[in-house]
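Each remark here refers to the structure printed beneath this line.
Values in this text are rule-based calculations from the coordinates and carry no lab data. Note that the structure is a prediction, hence the values are computed from the model and not measured. Here the Cβ is made from the backbone with ideal geometry for all residues, glycine too, and neighbour counts use every protein chain on show.
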Amino acid sequence: MKKYTYYPGCSVKGTAKSYEDSLLAVFRELNLHLEELPDWNCCGATFYMSIDEVTSFTLSARNLSLAEQYDRDVVAPCSACYLVLLKTQDYIKRYPQIREKVDAALTAANLTYKGSVKIRHPLEVLLNDIGLGELKNRVKKPLRSFKIAAYYGCQLVRPFMVFDDPSYPETMDSLMETLGAEAIDYPVKTRCCGGSLMGTMEDVGMRLNYILLNEAHKRGANCIVTVCPLCQFNLEAYQKKIIKKYNGVPEIPVFYFTQLVGLALGISEKELGLGRSIVSPDSLVESLSVVQATAP
Amino acid sequence: MQTHRKVKYEAELDPSFTKWVSTVPGGERIRECFQCGTCSSICPLSVYMDISPRRLIAMADAGFKEEVLSSFTIWLCASCYSCSVNCPKDIKITDIMYGLKRRAIEEGIFPSRHFAIPILAKAFANMVRKNGRATESRLVVSLAWRVSLFRLLNMAPLGIKLLLRGRLSFKKEKIQNKQEIQTMLKALEANR
Ligand code: SF4
Ligand code: SF4
C-alpha cells in the first residue's frame with residue numbers, strides 16, 4: 001500500500017468538506033493511504049503574502065518541516081495550499097536572504113527543513129501512481145451521461161507547471177474521459193474565478209463566475225468539475241445569485257473531480273459528500289443508473 | 001483659471017521607490033519591461049482596474065509611488081499568475097503586486113476608507129498568527145463587522161444553507177502547538 005502525508009488545509013475542513021469526503025473515499029478505494037500531517041497549520045493562502053512575505057514562507061516552512069520527519073510525499077488537495085507549499089520551497093531555494101530568516105525562525109522553535117519534501121496534488125497522484133489504464137479497469141459505473149467542463153482555475157497549473165500546461169491543461173479532461181464522461185471543449189478552463197474577490201467585491205466576483213458558468217452552458221456541458229475549494233465555492237454556492245442577476249444560464253452542478261472518480265468507481269453518494277451540494281446534482285447522478293441499465 | 005497638471009515632472013517622482021521595487025523578490029527584471037501589454041491583455045481583472053498592469057509596471061518603475069500604492073489595481077489582482085507565466089521578459093508581475101500590497105499596508109495608503117480587501121487580509125493574518133489556522137465563518141463575520149453589517153444580512157441565507165450541509169461551523173479552528181508559532185514569529189521579529 002502506498003502511503004502519503006495528507007495536508008488538508010483550512011477550506012477542506014470547512015466549506016469544502018465534500019472535497020475531503022470524496023478524496024478520502026477514493027484514495028481508500030484505490031488502496032492509497034493518506035496519513036494526516038499532525039498539527040499542521042494554515043498555509044497563509046493569498047492573504048498572508050499580502051501582509052508579510054517572510055512570515056508567510058516561515059509558516060509554510062513549519063508544515064514542510066513537520067512533513068519531512070516522514071519519508072512520504074505530501075498530498076495537498078487545495079490549489080492555494082499546493083501553490084504556497086511549492087512557492088515556499090522555490091523561494092527558499094532561490095533567495096538566500098529569505099532562507100536565512102526562515103531557517104533562523106525554524107531553529108528558534110527546534111525545527112529544521114532540509115528541503116526534501118515532494119509536494120503533490122491528488123489529480124497528479126491518480127494519474128501517475130495509479131494511471132489511466134488501471135483506473136479504466138476499475139470503473140464500475142461509466143459516466144456516460146456526463147458532459148463535463150473541466151475547470152482547472154489558476155493556482156494548480158500556474159506559475160509552477162509541475163504536470164500540465166499553464167494555459168490549456170488537459171490531464172483532468174483525459175481522466176474524465178477515462179471514466180466514460182465526455183469532456184467538452186472549454187477554452188476558459190484556466191480563467192480566474194476571482195478567488196476571494198467574491199467575498200470582498202461581490203460584483204466583480206459574480207461577473208467572473210458568470211463568464212465561467214455561461215461558457216460551460218453554451219458549450220453543452222451538464223456539469224463543471226473543479227480541483228479547488230475556492231473555485232467550487234464561487235461557482236456553486238453563489239450560483240443561484242449569479243443566475244438571478246444574469247438571466248439565461250440554467251443551474252449546473254459543480255463537482256470536485258474526486259466526487260466523479262468516486263461515482264465511477266461505484267462509491268456511494270453519501271461517502272462522496274454529494275449531499276452537501278447547494279446546486280443539486282441528483283438528477284444527473286440518477287441518470288447514471290438509467291444509462292447503466294439501458295447500456296448494451 | 002486653475003489648471004491641473006496630471007503628469008509629474010521627473011523631479012517629483014520618487015527614485016527610492018524605483019530602487020525598492022526592483023528589490024521585491026520577483027521584481028528584479030522590472031527595468032526590462034518593454035511595455036508589450038501582454039500582462040494587461042491576459043489579466044482577467046484588468047477591465048476593473050484603474051491602472052492597467054502594463055501601465056502600473058511602468059509607473060512603479062518610474063517612481064510614481066503615491067499613484068501606484070493608492071491604486072485599486074494592486075488589490076484587484078487575484079494572484080492568478082497569468083501575467084507572470086506569459087510575460088516575455090519573465091517579470092514576476094504577480095509577485096510585484098504582492099510587494100506593492102505589502103508596501104501599501106506598511107504605509108497605510110489605500111484607495112478608499114473601509115476598503116474591504118486589505119481589512120480581510122489583515123484579519124486573516126491575525127487569526128493565523130493567533131490560532132495557526134483560519135476559520136472561514138469567523139473571518140466573514142469579522143469582515144462584516146468592520147466594513148458593513150449589511151453584508152452579514154446579505155450573506156445569511158447562504159450561511160444557513162452551508163450550516164445545514166455541514167460546510168460551515170463557528171468552532172474556532174486551532175493548532176495544538178500555538179507556542180511554536182509564537183516562537184517563530186518572535187524570532188522573525190528579532191531578525192528584521
Ligand atoms: S508582459 Fe512583461 S514586458 Fe510586457 S508589458 Fe507586461 S510586464 Fe512589461
Ligand atoms: S496575477 Fe494579478 S495582475 Fe496578473 S493576470 Fe492575474 S489578476 Fe491580473
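If you plug the beta carbon distance of B:ALA190 and A:GLU29 into 1/(1 + (r/R0)^6) with R0 = 41 Å, you get a FRET efficiency near 0.25. Within the listed set A:ILE211, A:ILE148, A:ILE224, the Gaussian network model of chain A (springs between alpha-carbon atoms below 10 Å) gives the highest mean-square fluctuation for A:ILE211.
Taking a ≥ b ≥ c as the square roots of the eigenvalues of the alpha-carbon gyration tensor, the protein assembly as shown is classed prolate because a/c is 1.5 or more and a/b outweighs b/c.
For the protein assembly as shown, adding -39500 (n - 2.57) for each run of n ≥ 4 DSSP H residues and dividing by the number of residues yields -15000 deg cm²/dmol at 222 nm.
Name all residues of region A:232-251 having a backbone nitrogen under 17 Å from the label point set 7 Å from the Cα of A:SER287 along its Cα→Cβ direction, giving them as ranges. The answer is A:249-251, whose backbone nitrogens lie closer than 17 Å to the label point.
Could you give the dipole magnitude of region B:37-192 about its Cα centre, charging the beta-carbon of Lys and Arg +1 and that of Asp and Glu -1, in debye to the nearest 20? Intermediate results must be reported in sequence, preceding the final value.
Working: 25 positive and 12 negative charges, 173 e Å.
Result for region B:37-192 is approximately 820 debye, rounded to the nearest 20.
In this rough spin-label picture, where each label sits 7 Å from Cα along the Cβ direction, the B:GLN179-A:ILE211 distance is 5.0 nm. For region A:157-163, the Karplus equation 6.51 cos²θ - 1.76 cosθ + 1.60, evaluated at θ = phi - 60°, returns couplings of 10, 10, x, 8, 8, 5, 9 Hz by residue, with Gly and Pro reported as x.
Using the Cα gyration tensor of region B:116-190, with a ≥ b ≥ c the square roots of its eigenvalues, what is the shape: rounded (a/c below 1.5), prolate (a/b larger than b/c) or oblate (neither)?
Taking the square roots of the gyration eigenvalues as a ≥ b ≥ c, region B:116-190 is oblate.
What shape does region A:222-264 take by its C-alpha gyration tensor, where a ≥ b ≥ c are the square roots of the eigenvalues and a/c under 1.5 counts as rounded, a/b above b/c as prolate, and the rest as oblate? Taking the square roots of the gyration eigenvalues as a ≥ b ≥ c, region A:222-264 is oblate. Positive-end ranking of B:SER41, B:VAL85, B:TRP75 along the dipole of region B:10-106, with charges on Cβ about the Cα centre, is headed by B:VAL85. Taking the Cα centre of each part, how many Å lie between region A:192-213 and region B:1-39? Region A:192-213 and region B:1-39 have Cα centres spaced 30 Å from each other. The lysines within cross-link reach of A:LYS218, meaning a Cα-to-Cα straight distance under 21 Å and a gap of 8 or more places when in the same chain, are A:LYS147, A:LYS189, A:LYS240, A:LYS241, A:LYS244, A:LYS245. For A:ASP73, the amide hydrogen comes within under 5 Å of the amide hydrogens of A:THR5, counting only partners 5 or more places away or on other chains and with H modelled in the peptide plane. Per-residue 3J(HN,Hα) values for region B:19-29, derived from phi via the Karplus relation 6.51 cos²θ - 1.76 cosθ + 1.60 with θ = phi - 60°, read 5, 4, 4, 7, 9, 5, x, x, x, 4, 9 Hz in sequence order (x marks Gly and Pro).
Evaluated with a Cβ-only charge set (Lys, Arg +1; Asp, Glu -1), chain A carries a dipole of roughly 260 debye about its Cα centre, given to the nearest 20. Annotation: aspartates and glutamates with alpha-carbon distance below 12 angstrom to A:LYS87 (same-chain offsets under eight excluded): A:GLU53, B:ASP95.
Listed as lacking a disulfide-compatible partner in chain B: B:CYS33, B:CYS36, B:CYS43, B:CYS77, B:CYS87, by the criterion of no other cysteine Cβ under 4.7 Å. Inter-chain Cβ neighbour count for A:188-195, averaged per residue, equals 4 (cutoff 10 Å, partner chain atoms only).
Listed by chain and number, the lysines whose C-alpha is less than 19 Å from the C-alpha of A:LYS93, apart from same-chain residues fewer than 8 away, are A:LYS101, A:LYS114, A:LYS118, B:LYS92. Note down the magnitude of the dipole of region B:116-190 about its Cα centre, charges +1 on Lys and Arg C-beta and -1 on Asp and Glu C-beta and zero elsewhere, to the nearest 20 debye. So the dipole magnitude of region B:116-190 works out to roughly 200 debye.
Span-like helix check, chain B: qualifying full DSSP H segments, with Cα axial length of 20 Å or more and mean Kyte-Doolittle of 1.0 or more, are B:149-164.
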